Structure formats: structure tokens, C-alpha cells
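A.B. asks: Please read through the structure below; I'll follow up with questions.
The values are calculated or read from the model by the stated rules, or taken from the named source; none is laboratory data. These numbers come from a predicted model, not from an experiment. When the accessible area is computed, the model is the full protein with side chains, heavy atoms only, and any ligands, DNA or RNA have been set aside. Shrake-Rupley method; radii C 1.70, N 1.55, O 1.52, S 1.80 Å.
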Amino acid sequence: MIEDKASRDELAEDRTILANERTFASWLRTSLACVAIGVGFQGLFPAMQPSWVPRAIATGFLGLAILVIVLAERRAAAVLRRLSTHVVVTAD
């Protein structure tokens with residue numbers, strides 16, 4: 001019985017690690033969307049007056065993308081430091 005509980009605990013940690021990876025991937029997708037919005041804004045409104053406004057907005061979105069990537073990496077690393085992966089033994 002104790003062996004079954006240990007196996008369940010190990011599998012729960014593995015599921016948590018996989019959920020963390022999915023969350024990290026979603027944050028990366030969000031940062032890529034910020035990059036796309038920034039580049040797209042600069043590309044769609046180049047003639048906007050004053051000329052620094054589209055550049056400032058695009059730079060803001062690119063800065064936000066960098067911030068999201070850094071924070072996502074730190075959060076994912078913090079979760080992985082608290083957990084450890086296990087080898088799953090499959091049934092015959």
C-alpha cells in the first residue's frame with residue numbers, strides 16, 4: 001500500500017511539472033503576440049504624426065514581451081526547483 005501512495009505522489013509531481021510546462025508555453029505565446037502587435041503597429045501606422053508615437057507604442061509592446069518572457073522563466077524555474085521528476089515504471 002505504501003508503494004502505491006509513493007507512485008501516486010510521484011505521478012502527481014510529474015503532472016504538476018507538465019502543467020508548469022504548458023503554462024510556460026502559454027506565457028511565451030503571449031509574449032510572441034506582444035511582439036507581433038508591436039511590429040504590426042509600427043508597420044500599419046508609419047505615417048502617424050508625430051512620428052515617434054508609433055515607435056513608442058511598438059517599443060512598449062516589445063518591452064512588455066521581454067518582461068513577460070523574463071517573468072515566465074523565473075516562475076517556471078521556481079516551480080521546477082520545488083519539484084523533482086521521477087521515472088515512471090509502466091505495467092507489463
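A.B. asks: Just for the Cα atoms in region 1-70, what are the lengths along the principal axes, largest first, rounded to whole Å?
C.D. replies: Ordered largest first, region 1-70 gives principal extents of 72, 16, 8 Å.
A.B. asks: On to the next question. At 1.4 Å probe size, what's the solvent-accessible area of I37? Round to the nearest 10 Å².
C.D. replies: About 90 Å², rounded to the nearest 10.
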